[in-house]
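The values are calculated or read from the model by the stated rules, or taken from the named source; none is laboratory data. Since the structure is predicted, the reported quantities are computational estimates derived from the model, not experimental observations. Ideal geometry is used to build each Cβ from the backbone, glycine not excepted, and the neighbour counts take in all protein chains shown.
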Amino acid sequence: MDLFNEIKKKLSHEFIDIIEWLDNTNETIVHRFERYQNEIKNNAKLIVREGQTAVFINEGQLADVFKPGTYTLNTQNLPILTTLKGWKYGFDSPFKAEVYFVNTHLFTDEKWGTKNPIMLSDERFGLVEIRAFGTYSFRVNDPGKFVVDVVGTDGNFTNYEVNEHLKSLIVTRFTDTVGEANLPIELYAANTSELSETCQEVMQPEFGRVGIELERFYIENVSMPEELKKEIFEYSRLDKLDMVKLSQFKAAKAMEAAAKNEGGTAGAGMGMGMGFVLAQQMGNMMNPQATQQPFGSQVGTTPVPPPMPVQVQYYYAANGQQNGPVSFDKLKELFASRTINRDSLVWKQGMQNWIALKEIEELKSFLGGNTPPPLPI
């Protein structure tokens, strides 16, 4: 009898299962442990390595979840499965259950980007389009929820599959966030760090609903069409430039371009003449003390007219807001209609500060102080 007991004991040990999973790809997030008809023997060994979690599913229902360690599977450490199976007094025969190993390490440097341009409304430039791309890092922090809500019955769920789901979620929430931020268009590219942190806070609850933690979210670049960039750069320089000199420079460039388009010998001569004009005007702009050419003076054989006068533009304050620019005549109409008065603040190019209308020399004529006194008797 002892001999038969030893043989029986030896055979029972040989048939004890060892349930484990080794990942050599670093791309698999969930792997289903395959068994014939999903049968697991009593006292089978479950080995869960660091960076893994084992999830037991019974007929589509979430059962027991095991963290890293080595376990002997019986009714003591399978409480949920024991309840689902109705094992009141333990079990000896094999039981059926699906075992999913979930990779819980941090997945880094995952790419995201907007496939199509995002439409935004800017107060100065109207409707504009931007694109963005960057990276993010995530980990599965609730393996049971992740298996039930995302993986389903997929036996080998990879990083690629989950990223397709996450990228769609990221682009949707990114679009909502930048739309609600309502920033000037150039500030999106200048504040990527702050915008990244805000997007991560907005997205984290959405990731958490499927058992994923968004560890890091980075916006590496926010781009826009080249023509919009040029407009933004030009707009940003307006407050730094002398508008009179800018107008003179653009007029000279336009004259030079017109001369080049004439063609032939005459066009060549005109182009040379315009080149001299441009050089002279640029010299005068850089050196205001230089002697100016009188009207009608000759450069070679081509008369050179003086630059066209540039009309002064005024800004004015009304109802606590800045308005303008407007011309001298328009400002006079506003004064006549009582939109502004003698104490209204006015500013023009070259002034250091806003000044009351009554203090600006050329605007004092609005006040009616030029009427001559009565004749002496």
| task | Please list, ordered by first then second residue, the pairs with beta carbon atoms under 6 Å, 6 or more apart or interchain, first in segment 205-223 and farther than 20 Å from GLU186 by Cβ, second of a type in the set (Asp, Glu). | result | VAL210/ASP149; GLY211/ASP142
| request: Would you check if there is a residue in segment 71-83 being surrounded by 15 or more Cβ atoms within 10 Å (Cβ to Cβ), closer than 19 Å to THR158 by Cα and out of contact with any helix residue (DSSP H, G or I) (no Cβ under 6 Å at 6 or more places or on another chain)? | output: no
| note | Inside segment 332-348, the number of residues satisfying the requirement of being touching a helix residue (DSSP H, G or I) at 6+ places or on another chain (Cβ under 7 Å) and assigned to a helix (DSSP H, G or I) is 2
| query | Can ASP154 be described as surrounded by fewer than 16 Cβ atoms within 10 Å (Cβ to Cβ) and either in a helix (DSSP H, G or I) or in the same structural domain as VAL65 (by TED's automatic domain parsing) (or both)? | reply | no
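Table: residues versus (1) without any contact (Cβ under 8 Å) to a residue 40 or more places away in the chain; (2) not in a loop (DSSP other than H, G, I, E, B).
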{"site": "VAL99", "(1), (2)": "no, yes"}
{"site": "VAL102", "(1), (2)": "no, yes"}
{"site": "HIS105", "(1), (2)": "no, no"}
{"site": "ASP109", "(1), (2)": "yes, yes"}
{"site": "ARG131", "(1), (2)": "no, yes"}
{"site": "SER137", "(1), (2)": "no, yes"}
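Does GLU98 satisfy the condition of being within 39 Å of the chain's Cα centre (by Cα) and surrounded by 14 or more Cβ atoms within 10 Å (Cβ to Cβ)?
no
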| query | Within segment 211-219, is there a residue that is outside the structural domain of GLN61 (by TED's automatic domain parsing), in a helix (DSSP H, G or I) and crowded, with 16+ Cβ neighbours inside 10 Å? | reply | no
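So which of VAL55, VAL65 is β-branched (Val, Ile, Thr), under 44 Å from the mean Cα position of the chain (by Cα), crowded, with 19+ Cβ neighbours inside 10 Å and modelled with pLDDT of 80 or more?
Checking each option against the conditions leaves just VAL55.
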| said: So the check is Cβ under 9 Å with 6+ separation or different chains; which pairs have a first residue in segment 149-176 that's closer than 15 Å to GLN200 by Cα and a second one that's part of a helix (DSSP H, G or I) and of a type in the set (Val, Ile, Thr)? | reply: ARG173/VAL202; PHE174/VAL202; ASP176/VAL202
| message | It is to be established whether one or more residues within segment 80-91 are in a loop (DSSP other than H, G, I, E, B), at negative phi and of a type in the set (A, V, I, L, M). | response | no
| request: Answer with yes or no whether ILE118 is among the aliphatic types (A, V, I, L, M) and over 30 Å from LYS230 (Cβ atoms). | output: no
| Qualifying positions in segment 135-149 - out of contact with any His (no Cβ under 7 Å at 6 or more places or on another chain) and closer than 13 Å to VAL210 by Cβ | PHE138, VAL140, ASN141, ASP142, PRO143, GLY144, LYS145, PHE146, VAL147, VAL148, ASP149
| task | Search segment 117-126 for residues being surrounded by 15 or more Cβ atoms within 10 Å (Cβ to Cβ) and over 15 Å from THR177 (Cβ atoms), and hand back the single one that is nearest to the chain's Cα centre (by Cα). | result | ASP122
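Quick grid of which residues meet (1) touching a Pro at 6+ places or on another chain (Cβ under 6 Å); (2) among the small types (Gly, Ala, Ser); (3) surrounded by fewer than 18 Cβ atoms within 10 Å (Cβ to Cβ); (4) closer than 19 Å to ILE57 by Cα:
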site: HIS105; (1), (2), (3), (4): no, no, yes, no
site: VAL128; (1), (2), (3), (4): no, no, no, no
site: THR135; (1), (2), (3), (4): no, no, yes, no
site: GLY144; (1), (2), (3), (4): no, yes, no, yes
| field | Residue that is modelled with the lowest pLDDT, among those in segment 159-183 that are in a helix (DSSP H, G or I) and of a type in the set (A, V, I, L, M) | value | ALA181
